[in-house]
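Beneath this line is the structure, given in structure tokens, with notes to follow.
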Amino acid sequence: MNGYTFVKGYRDNISLRKSFNSLASQVFGINFEKWYERGFWTGKYEPYSLADGDKVIANVSVNKINLVIEGERKSAVQLGTVMTHKDYRGKGLSGVLMRNVLEEFKDVDLIYLFANNTVLEYYPKFGFHAVEEQQPVMELAGKGQSVTLKKLDGQSDEDIKFIFHLAKSKMPLADRFSTTDTAELLMFYCTYVFPQNIYYWPEKEMIILMTIEGETLHIYDVITNKKADLQETAARVAPPEVKKVRFHFTVPVSSQIKKEAFRGDEVLFVRPASGLVLPNNFKHPVTSQA
């Protein structure tokens with residue numbers, strides 16, 4: 001288009017990868033190089049880009065993801081890293097890439113993305129509609145922490161290998177809605193987002209990503225290859241000052257869990273295949289969000 005070249009599958013091309021990282025840094029303040037160096041940038045994450053020479057000027061990335069919805073496995077594509085270089089905006093380049101991707105993956109069960117508040121009117125043009133997420137919340141009585149957790153370091157290659165080993169066999173946390181086979185994407189969060197918020201519970205062979213904000217415990221993920229009682233897990237790892245737990249993923253239905261409309265920085269947009277119905281109440285796992 002207009003002399004630009006369509007490129008994909010170029011993660012091992014040094015010049016194009018460097019240009020992609022430069023654009024991602026300018027637009028989103030992120031750089032995928034360390035993720036690449038650690039071996040987590042695989043064919044599951046594929047930028048679809050337009051290049052001006054060896055300069056990436058526009059991009060829509062494809063994340064190939066499997067979902068569990070109401071106990072059934074579904075194929076999905078999550079779009080992300082949608083960006084255009086400031087000098088090339090207003091030319092319809094993102095639209096060209098979007099239509100390309102939608103045509104190529106028209107047979108998957110669900111195509112979806114997370115959009116910031118500046119582009120909420122853009123994605124309905126391509127058949128997407130917004131869906132409100134519901135966040136599980138649990139009240140605690142402040143019983144006190146009863147387990148000893150080992151802190152892991154997302155900057156440590158040794159700890160990252162340990163986390164990835166367990167993440168590859170991670171069980172879905174809820175049959176109603178979960179992502180599966182997303183270990184590489186999870187490692188992006190362990191490397192860049194939560195490197196100092198990763199804890200290991202040896203007794204349960206469980207890794208927990210969590211932070212404490214005042215009297216609230218935020219649990220971002222629970223990595224285990226065994227069936228986990230998430231309410232018990234939250235209650236036992238919470239220190240005495242915690243009165244409330246917010247789960248950043250779907251948890252099994254329980255009388256102790258209430259749902260609150262999730263108000264994040266981005267809005268979930270979905271484009272499901274004909275006949276696919278999403279659950280009424282679910283929270284997409286934050287550590288599988290591209």
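The values are calculated or read from the model by the stated rules, or taken from the named source; none is laboratory data. Keep in mind it's a predicted model, so treat the numbers as computed, not measured. Heads up, the Cβs are rebuilt from the backbone with ideal geometry, glycines too, and the neighbour counts pull from every protein chain shown. SASA here: full protein model, heavy atoms, side chains in, ligands and nucleic acids out. Shrake-Rupley method; radii C 1.70, N 1.55, O 1.52, S 1.80 Å.
Give me the residue from the range 189-210 that is open to solvent by 30 Å² or more (accessible area, probe 1.4 Å) and not charged (D, E, K, R) and, out of that set, farthest from H284 (Cα to Cα).
It comes out as P202.
If you scan the range 27-51, which residues turn out to be in contact with a strand residue (DSSP E or B) (Cβ under 8 Å, 6 or more places away or on another chain) and outside any loop (DSSP other than H, G, I, E, B)?
Scanning the range 27-51 gives V27, F28, Y45, E46, P47, Y48, S49, L50, A51.
Hey, among F6, F40, which residue is crowded, with 18+ Cβ neighbours inside 10 Å and either of a type in the set (A, V, I, L, M, F, W, C) or assigned by the TED database to the domain that holds T182 (or both)?
Result of the check over F6, F40: F40.
How do the strands (runs of 3 or more DSSP E) wholly within the range 88-168 filter down when requiring 2 or more residues that are over 28 Å from P47 (Cβ atoms): which remain?
Per the criteria, 134-139, 150-152.
Residues of the range 10-30 being more than 16 Å from M83 (Cα to Cα) and open to solvent by 50 Å² or more (accessible area, probe 1.4 Å), which ones?
Answer for the range 10-30, where residues must be more than 16 Å from M83 (Cα to Cα) and open to solvent by 50 Å² or more (accessible area, probe 1.4 Å): R11, D12, N13, I14, S15.
Consider F269 carefully, then state whether it is open to solvent by less than 30 Å² (accessible area, probe 1.4 Å) and at pLDDT 95 or above. Spell out the reasoning first.
On the way: open to solvent by less than 30 Å² (accessible area, probe 1.4 Å): yes; at pLDDT 95 or above: yes.
In short, yes.
Considering every residue within the range 50-58, establish whether at least one is within 21 Å of G127 (Cβ to Cβ), in contact (Cβ under 8 Å) with a residue 12 or more places away in the chain and open to solvent by less than 10 Å² (accessible area, probe 1.4 Å).
Looking for residues that are within 21 Å of G127 (Cβ to Cβ), in contact (Cβ under 8 Å) with a residue 12 or more places away in the chain and open to solvent by less than 10 Å² (accessible area, probe 1.4 Å), one finds at least one in the range 50-58, hence yes.
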